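Undergrad: Before anything else, here's the structure in question.
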Amino acid sequence: MTNHSEAAGAPGTEQITLRNPSELAEALPYLLGFKPEDSIVLVALHRGRFGGRVRLGIPERPGDWPSVADEMAKCLINGCEHKDGTPDGIVAFLCRDPKTAETGRQIMERLQPLAQMLRLACGRLDVPVVETLCISDDHFWSYSCPIEECCAPDGTPLAASGTSVMAAAMTYAGVQVRGSLREMRARLTPWQTAAAPEQEHALDAAAMTLVPRILAGVPRAEVADETLDLARRVWSRFGHLPTGDDTLETDLRDDEQLAHDEAARLILGLQDRLTRDHAAEWMEGEEAPLALRLWRALARRCVGPYGEHAAAPLTLAGWVAWSLGDRVEAGEALDMALAADPRYVFARLLMEACSADLDPEPVRRSLRKTRDERNVTPSEANSKGAFDGGGAGVAVGAGTGADAGVNGEGVAGRKDAGSPGRPSAEDSRETTEDRVTRALEAALRRRGSRRAGAGKRPSQAGAHAPRRPQGRRRVSRQGTRRDG
């Protein structure tokens with residue numbers, strides 16, 4: 001479940017008055033920043049202004065609806081109490097388009113029990129649902145309005161995209177709507193094209209090359225430096241490419257700049273969690289957008305049995321997106337990382353922090369400090385390609401854990417010794433991961449201590465549900481634990 005706590009109409013933003021259900025339905029994509037599909041959305045109201053909102057996929061089994069309704073109500077209301085106080089009311093949306101011969105009206109009727117469950121769940125927490133809308137097949141229906149003259153049985157058509165007063169006002173205010181979640185996730189999903197077998201073969205070949213090197217005692221610092229240097233060279237190519245609003249076209253151009261063998265070497269190299277943490281330093285300035293494009297491209301190359309390896313590039317994509325202020329893509333990327341490897345702790349911590357609406361600056365500050373201690377500034381890194389320190393063990397081959405090397409040991413269980421009188425490369429790099437993890441955990445503890453009466457319940461904003469029905473979004477926070 002994704003949780004968004006930015007309040008519409010905050011100081012310094014445009015004030016837009018919504019007068020009827022039609023304008024509410026048209027406002028939903030602008031409230032979320034994307035077009036919701038197959039989703040339950042709850043939006044809090046505070047003295048006539050929008051507050052926090054939560055979104056979750058609609059479970060296919062009606063038997064799951066009561067627990068989902070309770071969980072979403074608790075998640076939204078508890079999160080709002082922490083930041084803005086108890087909401088005065090809630091607006092609920094059920095969004096689902098027909099996939100067969102079913103009509104929008106039939107979908108509305110089938111989801112009516114779910115709408116009632118949401119009203120009851122919020123009512124039990126003493127917050128009324130003031131409006132419940134079903135949006136399907138470019139029409140909307142109000143479950144709260146029984147008057148046919150106002151809300152026709154066959155639904156009310158939505159205004160054509162970009163033509164409504166709401167769209168004009170939001171565009172003037174600088175609020176943009178991205179594509180659907182399906183389009184966003186497609187940018188991060190492994191290939192299912194004719195090129196996928198070639199990429200899988202390259203991953204096999206890279207694994208067969210890397211394993212003997214590690215077993216032969218090649219210093220991990222050498223493997224890590226090769227990975228980071230190659231990553232810099234690849235994303236620097238992206239900087240020379242034209243960019244535009246057509247994300248598919250941009251992704252295709254990026255894919256053309258990344259050879260199969262390069263992608264394979266980068267994917268396997270990033271399985272070293274500490275090399276991954278150094279790569280996470282490309283989080284701001286001119287580096288960040290280019291690095292984000294590289295992490296997306298690598299996630300698309302984790303094909304076939306290498307799907308679990310996508311946790312590393314997906315986590316990096318989520319981190320950079322969050323650092324750049326894009327919580328929507330950050331949440332999707334981190335959710336996909338946890339789907340690839342539910343044990344990937346760095347993704348869990350980032351998901352919890354992002355869902356809790358924390359400031360990413362403490363993590364950025366920790367990464368800057370580590371980089372400064374190595375006496376390498378971003379400009380020096382670009383000019384010299386210098387990254388000091390060794391890597392932890394690199395996980396190679398299909399099916400390996402994405403957080404491999406958590407004990408600072410390589411595939412063969414070997415640990416390089418440092419020079420007499422000075423720490424080993426692993427010791428110097430271990431502080432990087434520890435520092436980032438501590439920054440996240442400290443920020444989460446501070447937030448938890450400010451939440452009056454809050455316990456470790458899964459109903460808190462962004463908590464992970466214990467299981468994930470196929471095709472549904474899971475709750476987007478889990479309890480934290482340390483890597484290794």
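Undergrad: Only residues of segment 278-292 count here: report those whose backbone N is under 14 Å from the spot 7 Å along Cα→Cβ of residue 178, or say none.
TA: Inside the label zone: 289, 292.
Undergrad: Given H placed 1.01 Å from N in the peptide plane, which residues other than close sequence neighbours of residue 140 have an amide H under 5 Å from its amide H?
TA: When sequence neighbours closer than 5 places are left aside, the close amide H contacts are 156, 158.
Undergrad: In Å and on Cα atoms, what radius of gyration and Dmax does segment 240-323 show?
TA: Rg and Dmax of segment 240-323, Cα atoms, are 12.4, 35 Å.
Undergrad: Students often check this: by mean Cβ neighbours within 10 Å, which of 360-368, 220-228 ranks highest, and how do the rest follow?
TA: Descending mean neighbour count gives 220-228, 360-368.
Undergrad: Please work out the average accessible area per residue across segment 34-167, using the 1.4 Å probe convention, and give it in Å².
TA: 45 Å²
Undergrad: In addition: Would you kindly work out the equivalent ellipsoid of segment 54-159 from its C-alpha gyration tensor and give its semi-axes, the square roots of five times the eigenvalues, largest first in whole Å? Walk me through the numbers on the way to the answer.
TA: Values: eigenvalues 126, 53, 27 Å².
Rounded to whole Å, the semi-axes are 25, 16, 12.
Undergrad: Residue by residue, what Karplus-based ³J(HN,Hα) values in Hz, rounded to whole numbers, does segment 356-372 have, using 6.51, -1.76 and 1.60 with θ = phi - 60° and x for Gly and Pro?
TA: 3J(HN,Hα) across segment 356-372, in whole Hz: 7, 6, 7, 7, x, 4, x, 6, 4, 5, 5, 5, 4, 5, 4, 5, 5.
Undergrad: In addition: In sequence order, what are the phi-derived ³J(HN,Hα) couplings for segment 215-228 according to the Karplus relation 6.51 cos²θ - 1.76 cosθ + 1.60 with θ = phi - 60°, rounded to whole Hz, with x for glycine and proline?
TA: Each residue's phi maps through the Karplus curve to give 5, 7, x, 4, x, 4, 4, 5, 5, 5, 4, 4, 5, 5 Hz.
Undergrad: Sorted by mean Cβ packing within 10 Å, highest first, what order do the peptides 99-105, 277-283, 314-320 take?
TA: Those peptides, ordered most packed to least, come out 314-320, 277-283, 99-105.
Undergrad: A further question follows. Taking segment 274-379, how much of its Cα-Cα pair set, in percent, is spaced more than 16 angstrom apart?
TA: 54 percent
Undergrad: Let me ask something else. Please calculate the 1.4 Å probe accessible area of residue 40, with all protein chains present, and give it to the nearest 10 Å².
TA: Accessible area of residue 40: about 0 Å².
Undergrad: On to the next question. Sum up the charges of everything whose Cβ sits under 12 Å from the Cβ of residue 285, counting Lys and Arg as +1 and Asp and Glu as -1, but leave residue 285 out.
TA: Overall, the nearby charge balance is -2.
Undergrad: Next question. Amide H neighbours of residue 51 under 5 Å, at least 5 residues apart or on other chains, H built in the peptide plane: list them.
TA: Counting only residues 5 or more places away or on other chains, the set is 8, 44, 45, 46.
The values are calculated or read from the model by the stated rules, or taken from the named source; none is laboratory data. Predicted model, so just to flag it, every value in this text is computed and none were measured. Cβ coordinates were reconstructed from backbone atoms using ideal geometry, including for glycine residues, and neighbour counts include every protein chain displayed. Heavy atoms of the whole protein, side chains included, go into the accessibility calculation; ligands, DNA and RNA do not. Shrake-Rupley method; radii C 1.70, N 1.55, O 1.52, S 1.80 Å.
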